[in-house]
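Student: Please see the structure below; I have some questions.
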Amino acid sequence: MFSEKKEKQPQVSERNIIGKNTSFVGDVISEGDFRIEGKVEGTIKTTGRVILGKSGSISGKVECDNADIEGKFSGELNVNNLLTLKSTATISGEVVISKLSVEPGAEFNATCAMKGSVKELNNEKTKKEKTA
């Protein structure tokens, strides 16, 4: 008769920042967002967003839900949702994404694979094409 109400746990929004004059070598795993203005060599895995600023560079592997790139990226980039390349972005390597947004001026020299569900064709189109 009585239903139990499940309380939603508050979503913790962590922000990890690697500053302009900072260099980082190694692997990082987090559930929060990353803002990178410095230099990173290694692997970043997060369920959040990775923002690579104009002065930032990443050489290695990145796995995230969303990414905004303004700086230089070289390596393997796996974005589950949207990858946004700003006009100052320079990308090289291998990229696997679901959605891509590229501003004019961005350099995209990478192999790219788009993943996602295949859309089904509407039956209406086939009905219109019937002949007598």
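Residue-wise test of (1) over 15 Å from the mean Cα position of the chain (by Cα); (2) modelled with pLDDT under 95; (3) on the phi < 0 side of the Ramachandran plot.
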{"site": "K61", "(1), (2), (3)": "no, no, yes"}
{"site": "I69", "(1), (2), (3)": "no, no, yes"}
{"site": "A89", "(1), (2), (3)": "no, no, yes"}
{"site": "S98", "(1), (2), (3)": "no, yes, yes"}
{"site": "A113", "(1), (2), (3)": "no, yes, yes"}
{"site": "N123", "(1), (2), (3)": "yes, yes, yes"}
{"site": "T126", "(1), (2), (3)": "yes, yes, yes"}
{"site": "E129", "(1), (2), (3)": "yes, yes, yes"}
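Student: What are the pairs, 6+ residues apart or on separate chains, where a residue within segment 35-46 that is within 7 Å of I18 (Cα to Cα) has its Cβ under 6 Å from a residue that is crowded, with 16+ Cβ neighbours inside 10 Å?
Tutor: Once the first residue is within 7 Å of I18 (Cα to Cα) and sits in segment 35-46, its partners that are crowded, with 16+ Cβ neighbours inside 10 Å give R35/I51; I36/I18; I36/L52; I36/G56; E37/G53; E37/S55; E37/G56; G38/I18.
Student: Give the residues of segment 26-46 that are in a strand (DSSP E or B) and surrounded by fewer than 19 Cβ atoms within 10 Å (Cβ to Cβ), sorted by residue number.
Tutor: G26, D27, V28, I29, S30, R35, E41, G42, T43, K45, listed by residue number.
Student: Just to be sure, is V50 without any contact (Cβ under 8 Å) to a residue 40 or more places away in the chain and touching a Leu at 6+ places or on another chain (Cβ under 7 Å)?
Tutor: On the way: without any contact (Cβ under 8 Å) to a residue 40 or more places away in the chain: yes; touching a Leu at 6+ places or on another chain (Cβ under 7 Å): no.
Taking the combined requirement at face value, the residue does not satisfy it.
Student: Restricting the search to segment 94-110, which residues are part of a loop (DSSP other than H, G, I, E, B) and more than 21 Å from K39 (Cβ to Cβ)?
Tutor: Of the residues in segment 94-110, the ones part of a loop (DSSP other than H, G, I, E, B) are 98, 103-106.
Within segment 94-110, S98, E103, P104, G105 qualify.
Student: Filter segment 59-86 down to the residues that are of a type in the set (A, V, I, L, M, F, W, C) and under 17 Å from T111 (Cβ atoms) and list them by number.
Tutor: So the first thing to find is which residues in segment 59-86 are of a type in the set (A, V, I, L, M, F, W, C), and the list is 62, 64, 67, 69, 73, 77, 79, 82-83, 85.
V62, A67, I69, F73, L77, V79, L83, L85 - these are the residues of segment 59-86 that are of a type in the set (A, V, I, L, M, F, W, C) and under 17 Å from T111 (Cβ atoms).
Student: Taking segment 47-93 as the region of interest, how many residues are farther than 17 Å from D27 by Cβ, of a type outside the set (S, T, N, Q), in a loop (DSSP other than H, G, I, E, B) and in contact with a strand residue (DSSP E or B) (Cβ under 7 Å, 6 or more places away or on another chain)?
Tutor: 7
The values are calculated or read from the model by the stated rules, or taken from the named source; none is laboratory data. Note that the coordinates shown come from a computational prediction; the quantities given were computed from them, not determined experimentally. Cβ atoms come from the backbone with ideal geometry, glycine included; neighbour counts cover every protein chain shown.
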